[in-house]
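Below is one structure; the comments refer to it alone.
The values are calculated or read from the model by the stated rules, or taken from the named source; none is laboratory data. Bear in mind the structure is a predicted one, so any value in this text is a computation, not a measurement. Here Cβ is always computed from backbone atoms with ideal geometry, including for glycine, and neighbour counts include all displayed protein chains.
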Amino acid sequence: MTMTAVLAVTVQSQAGLSWDLAGDFNGSNPNGTWSYGGEQVWKNNGAASAYSIQPGHVSLGAHGYNDSWADWNSPITGTITITGSFGSSPTYDSYGWGDGYRYRSVTLNSTEVFGIFSGKDINIFDLTLSVKTGDVIIFDVKSQGDIWDGNVQTDAHIMATSISSVPEPTTIIAGALLLLPFAGSAIRKLRKT
């Protein structure tokens, strides 16, 4: 009974962990749980909007036929929520194709969980997913291909709402050692009665 309480406290203490694409971005690749790929992945660290990207936000952009993406590698097993958006961008061609990006998606281990064809619209996502340690979530912006350049402001915030991983054996042993004096006391009391 007491050991169960120790395990519950260990598991509960990890819920509420969070990761943020823009907040965690520092230019390193990989960067903690994040890695980046493609032609243009950058953060506007300035005080004013740059190429339609607001200060403090990340851009996924590309040239021609090249896509850009950000990967989040799950360090936990449990349930997460993902909130964010793919933003709009200015028009770069005479055909009115918006930013040149036709498809924006969020995938979990190659399975699409959000996807939309878009150019000028802001696309908001709000997802709840079950993940395992090592699962990969990809935020991807695909180029239309015939347009030279564009930037898509991409926001993604991930929060662990529950953790179902079992604590390391050392945590269990440490908890048992903490309870050892109480167990000895309980045994002595039982022997007296």
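For the reader, a short list of remarks on this structure follows.
- Residues in the stretch 129-148 that are loosely packed, with under 15 Cβ neighbours inside 10 Å and either at pLDDT below 60 or over 15 Å from W72 (Cβ atoms) (or both): G145, D146, W148.
- Of the numbered criteria (1) at pLDDT 90 or above; (2) buried (at least 19 other Cβ atoms within 10 Å of the Cβ), the one T83 fails is (2).
- From the list G61, G46, the one residue that fits, being touching a residue at least 12 places away in the same chain (Cβ under 8 Å), out of contact with any Cys (no Cβ under 6 Å at 6 or more places or on another chain) and farther than 14 Å from I137 by Cβ, is G61.
- Residue match in the stretch 99-117 (condition: at positive phi, at pLDDT 95 or above, under 22 Å from the mean Cα position of the chain (by Cα) and not in a strand (DSSP E or B)): yes
- Those residues of the stretch 67-80 which are more than 10 Å from the chain's Cα centre (by Cα), within 14 Å of S18 (Cα to Cα) and crowded, with 17+ Cβ neighbours inside 10 Å, in sequence order: I76, T77, G78
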